[in-house]
Amino acid sequence: MSATDHSRAAGVLLLCRAEPGRVRPSAQLLNEPLLLVPAGEGWSALIPGEDSWRTEGTDLATATAGWAHALAVAEPWPVVGLWWDAVGAGFVVAAGFRRTAGYAWVADGTPLGDEAAMTALRARTGLDPVLDGAALDGLTRPDADADAAARVRGLIAVLSRTGLHLPPGLAPGVPADGLRASAGALPAAEAVYWPGWREAVRAGFDAADSGRLGAWMRGPRARALGAGEVVAGAALALWGRRRGRRGVMAAGAVVLADGALTLAYDWWRGRG
């Protein structure tokens with residue numbers, strides 16, 4: 001199969017365990033063409049354009065891991081990235097500063113990954129360690145009747161126990177243009193764009209005021225956290241730039257921006 005055929009069969013879904021309003025600021029910082037839609041109770045889905053991973057210059061699994069890490073690194077909620085193409089499928093799970101874990105299946109459904117990734121998925125998404133753990137374990141065993149797409153559908157079925165509900169048309173095996181067409185037809189769909197730093201700061205203030213964290217995002221603890229994030233984010237972004245890793249650069253930008261917003265919010269509230 002040609003590289004073009006591989007591309008046509010490829011798709012990515014970034015599943016965030018948070019409402020769209022909480023996901024939007026981090027998604028904007030990725031500066032990628034994304035569609036954002038609700039995906040059940042307490043879940044949102046982001047659908048990147050096909051050109052996004054082409055310009056990454058890397059394989060689909062690595063690009064998905066970079067986006068998931070960038071979305072989750074400065075947030076309290078996890079991100080599960082699903083990917084598939086003509087040669088296989090898999091998932092990654094990212095949460096905060098913890099190592100992003102991933103698992104894959106080849107096209108015929110043969111498992112190809114570290115089972116520790118399933119443990120990380122269960123723990124980071126709040127799945128039941130016994131019942132849900134057993135279902136996840138089943139996805140790591142040989143099954144002649146389950147190809148790669150079926151394996152990812154099985155994973156989605158397990159996550160549905162936490163409230164995930166993907167809208168029609170968002171399913172493993174659907175290529176990127178089909179995913180975006182289905183998502184774009186939903187009434188609640190919105191295109192996510194980089195709004196510029198002024199609007200990003202304003203959005204951060206609004207999210208802090210309306211969210212559960214607004215009451216404590218100030219004081220010595222907030223200043224220490226914000227300063228640490230600025231330093232870590234700047235270092236991460238610089239490292240990514242030197243090595244041409246856009247995903248790492250995006251993660252650094254998210255962390256740096258979150259730290260700057262925390263410091264600015266503390267200063268702004270202190271004036272009141």
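Just so you know, all these numbers are worked out from the coordinates, no wet-lab data involved. Given the structure is predicted, the values throughout are model-derived calculations rather than measurements. Here Cβ is always computed from backbone atoms with ideal geometry, including for glycine, and neighbour counts include all displayed protein chains.
Between D114 and A157, what's the calculated FRET efficiency when r is the beta-carbon distance and R0 is 30 Å? Round to 0.05.
Taking R0 as 30 Å, the efficiency between D114 and A157 is 0.85.
Can you give the FRET efficiency to the nearest 0.05 for H165 and A134, using r as the Cβ-Cβ distance and R₀ = 22 Å?
E between H165 and A134, to the nearest 0.05, is 0.50.
Express in nm, to one decimal, how much length is gained between R99 and A264 on full extension, taking 0.36 nm for each residue of separation and deducting their alpha carbon distance. Mind showing how you got there, number by number?
Details: separation 165, 0.36 × 165 = 59.40 nm, distance 2.84 nm.
Full-extension gain reported as 56.6 nm.
Using 1/(1 + (r/R0)^6) with R0 = 45 angstrom and r between the beta carbons of E190 and R141, what's the FRET efficiency to the nearest 0.05?
Result of the calculation: an efficiency of 0.70.
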